[in-house]
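The values are calculated or read from the model by the stated rules, or taken from the named source; none is laboratory data. Computed from a predicted model, the values in this text were never measured in an experiment. Cβ atoms come from the backbone with ideal geometry, glycine included; neighbour counts cover every protein chain shown.
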Amino acid sequence: MSTQIFVNLPVKDLARSIGFFEKLGYSFNPQFTDDNAACLVIDDNVFAMLLTEPFFATFTRKETADAHRTAEVIVALSAETRERVDELVDSALAAGARQSKEPDDQGFMYARGFEDLDGHLWEVIYMDMSAVQGQ
């Protein structure tokens, strides 16, 4: 069995967050989606659990960060091409996200970032592995 990753993120409005990520082309696993949580399928082994803030609070004794004010994590996703980076981030911006940083073009690597509706930071990166291996 391969390792899976589940990133748990608190959200204020679950239905709104689901709609946002659907506009980016993602789907949700209905087996792990209800009124408290939604399982965002990023890839075969990569998921983000969008949890309502009260439900998220049941998993920790720590205060839940306000991601609009503080950075708790940057979720970085790879993309197959530079064009896919632009497509995904442009879709996020059109769906209500905010740009979190200027595009970073280092030739062999290209990255852009956005803040989702709850302020969580996402970065989408394309890396030309043939250029990396040649260094």
Just checking, which of PHE21, PHE28 is out of contact with any Gly (no Cβ under 9 Å at 6 or more places or on another chain), surrounded by 15 or more Cβ atoms within 10 Å (Cβ to Cβ), closer than 14 Å to TRP122 by Cβ and among the aromatic types (Phe, Trp, Tyr)? PHE21
Residue count for the range 92-119, restricted to those that are part of a helix (DSSP H, G or I), among the small types (Gly, Ala, Ser) and under 27 Å from PHE56 (Cα atoms): 1
Condition (residue is at pLDDT below 95 and either in contact with a Gly (Cβ under 9 Å, 6 or more places away or on another chain) or in a loop (DSSP other than H, G, I, E, B) (or both)) applied to the range 120-133: is it met by at least one residue? yes
The range 77-101 - residue that is out of contact with any strand residue (DSSP E or B) (no Cβ under 8 Å at 6 or more places or on another chain) and without any contact (Cβ under 8 Å) to a residue 40 or more places away in the chain and, of those, farthest from VAL41 (Cα to Cα): GLU83
Within the range 53-84, count every residue that is over 20 Å from GLY19 (Cα atoms), modelled with pLDDT of 95 or more and under 14 Å from the mean Cα position of the chain (by Cα). 4
Unmet requirement for PHE114, which otherwise passes all of (1) free of Cβ contacts under 8 Å to residues at least 24 places away in the same chain; (2) surrounded by 13 or more Cβ atoms within 10 Å (Cβ to Cβ): (1)
